[in-house]
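What follows draws every value from the coordinates through simple rules; no lab data is involved. It should be emphasised that the depicted structure is a prediction, and the values quoted were computed from it without experimental measurement. Every residue, glycine among them, receives a Cβ derived from its backbone with ideal geometry; neighbour counts consider all protein chains shown.
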Amino acid sequence: MKRIAIIGGGWVGCHLAMAFRDEAEVTLYEKNHTLISETSFINQNRLHYGYHYARNAATRRLCATTFVRFMEDYGDLVHDVENNYYAVSEDESLLDAETISIVFGSGPHAQLDPQAFNHTSLLLATPEKRIDAIGASLYFQWRLEPLVKREKIQQCNLQALKQDYDFVFDCTNNALLGPLPSHFFEAVAMFIYRPKTPLPFGALTYIDGELFSIYPYNDKCFSLSHVRHSVMSDNSLDNADNARQLIEQHVERYWPDFADSFDYLFPTLSIKAKTKDCSANRTPLMRQDENLFSFFTGKIQGIYAIESMAKQIIA
């Protein structure tokens, strides 16, 4: 039986451990006390059809072709997002409304009246799910605990792991080896709010530009994030209040009722690995050093492409 070391207990590492635990001797190395922590926990945790990515066909395909499979595998870990809206700004989106309508074609959406919001040229309602990060953490703890070794793996440990195991899968999303020149790390803040009144949507995302998203954070709260203003250049929350005020002002340009609809609670911060690509490519990539394979994906739904890569490697 093959021996596999998986480094990192986020979504990629946990999914690979589930995929191979019956056909290999798997050890899952995780430095934190819980699985599904750090970036796998602190993000919007969206399961969607790719409506964020009007300029990247590969990422749209990745999202559209894995939606149903994710529901089959992890359907107990997701919640419906009712009235999930994607909007196109009439003057801040990079592509115009007609072009975006052509890109998405006959996808799973309904077109709504864009005059529901200011400065909006297209409004689409699409089916979407929110992945329950707490539920996912508890689920993988239950299913994978016998395989987990609580240990922080550093680069100095890799040579020994490569000797002890047939395959070493680095699932730290570039944190262990560091990013390639074509990749980078970004500290991203999300701001958490509690609604004071019933909202005219279940989620609202302005796409294809330096715009914002209001999305369910849990059953009672929402997160607010922004493509530009959420990026914390000092990798901390020291300037979070200034960033939040800029985001709120931007939101109110499109939806003036924002301030009257929410109470602000607290900020969160996560470090995300991204690809330098103007089309917002989020498809998975792999690099190899002997029997060490390092995987990188910008989307949770990339777990299936990475699983296919790993199966080909083992075969």
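Once you have a ≥ b ≥ c as the square roots of the Cα gyration tensor eigenvalues for region 1-66, tell me rounded if a/c is under 1.5, and otherwise prolate or oblate according to whether a/b is larger than b/c.
Cα axes put region 1-66 in the oblate bin.
Against the longest principal axis of the chain, how steep is helix 303-314, in degrees 0 to 90 to the nearest 10, with axes from Cα atoms?
The answer is roughly 20 degrees.
Calculate the FRET efficiency for residue 90 and residue 278 from the Cβ-Cβ distance with a Förster distance of 25 Å, rounded to the nearest 0.05.
Working: r = 22 Å, r/R0 = 0.86.
Rounded to the nearest 0.05, the efficiency is 0.70.
Which of 95, 16, 265 moves most in a GNM of the chain, Cα contacts under 10 Å?
Result: 265 has the largest fluctuation of those listed.
Return the label of the correct value of mean projected area of the Cα convex hull in nm², as calculated from the structure shown, out of [x] 18.5; [y] 14.2; [z] 16.1.
Looking at mean projected area of the Cα convex hull in nm² for this model, the match is [z].
Considering only 287, 46, 60, give the residue with the highest GNM mean-square fluctuation for the chain, with springs between Cα atoms whenever their separation is below 10 Å.
Between 287, 46, 60, it is 287 that shows the largest mean-square fluctuation.
As a test of the formula, what do you get for the chain when each DSSP H run with n ≥ 4 contributes -39,500 (n - 2.57) and the sum is divided by the residue count, at 222 nm and rounded to the nearest 500 deg cm²/dmol?
Computed ellipticity for the chain at 222 nm equals -8000 deg cm²/dmol.
Compute the long axis of helix 11-20 from its Cα atoms, compare it with the longest principal axis of the Cα atoms of the chain, and write down the angle in degrees, 0 to 90, nearest 10.
40
What angle, in degrees between 0 and 90 and rounded to the nearest 10, separates the Cα long axis of helix 133-144 from the longest principal axis of the Cα atoms of the chain?
With rounding to tens, the tilt is 20 degrees.
Among DSSP beta bridges whose residues both lie in the chain, state the antiparallel percentage, nearest 5.
Taking every DSSP beta bridge within the chain, about 70 percent pair in antiparallel fashion.
Which peptide among 290-297, 306-313 comes first, and what is the full order, when sorted by highest mean count of other Cβ atoms within 10 Å?
290-297, 306-313
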